[in-house]
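Everything below concerns the one structure shown next.
The values are calculated or read from the model by the stated rules, or taken from the named source; none is laboratory data. Worth saying up front: this structure is predicted, and the values here are computed from it rather than measured. Methodologically, a virtual Cβ is constructed for each residue, glycine included, from the backbone with ideal geometry; neighbour enumeration extends over all protein chains shown. Note: areas computed on protein heavy atoms with side chains; ligands, DNA, RNA excluded. Shrake-Rupley method; radii C 1.70, N 1.55, O 1.52, S 1.80 Å.
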Amino acid sequence: MRQKADPSLLHRESILISEKILASDFFEKAECVFCYASVPGEVETFYLMQKILEQGKKLALPKVSGRDMTFYQ
């Protein structure tokens, strides 16, 4: 179903989700934010990641290896 979603709608909704996160108290207080790099059909995160870095916060992304997940800045 995600692959069938309208790309322009997904983009607009992704920006709205990102803006809600950026306006939240927990984001304001965070020094480091854990995120993921989106793939087609998922909520887009590149706008959010850009804003995290622009605000001088640390950004951590996961790398999955087998059953292990490690986050890297």
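Here's the yes/no breakdown for (1) over 24 Å from Lys4 (Cα atoms); (2) within 12 Å of the chain's Cα centre (by Cα):
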| position | (1), (2) |
| --- | --- |
| Ser24 | yes, no |
| Glu31 | yes, no |
| Tyr36 | no, yes |
| Gly41 | no, no |
| Gln50 | yes, yes |
| Lys57 | yes, no |
| Pro62 | yes, yes |
Point to revise | Residue pairs meeting the criteria (Cβ under 7 Å; at least 6 apart or on separate chains; first exposed (fewer than 10 other Cβ atoms within 10 Å of the Cβ), in region 21-45; second outside any loop (DSSP other than H, G, I, E, B)) | key: Glu31/Lys58
Check your understanding: How many residues, within region 52-68, are open to solvent by 60 Å² or more (accessible area, probe 1.4 Å) and assigned to a helix (DSSP H, G or I)?
Key -> 2
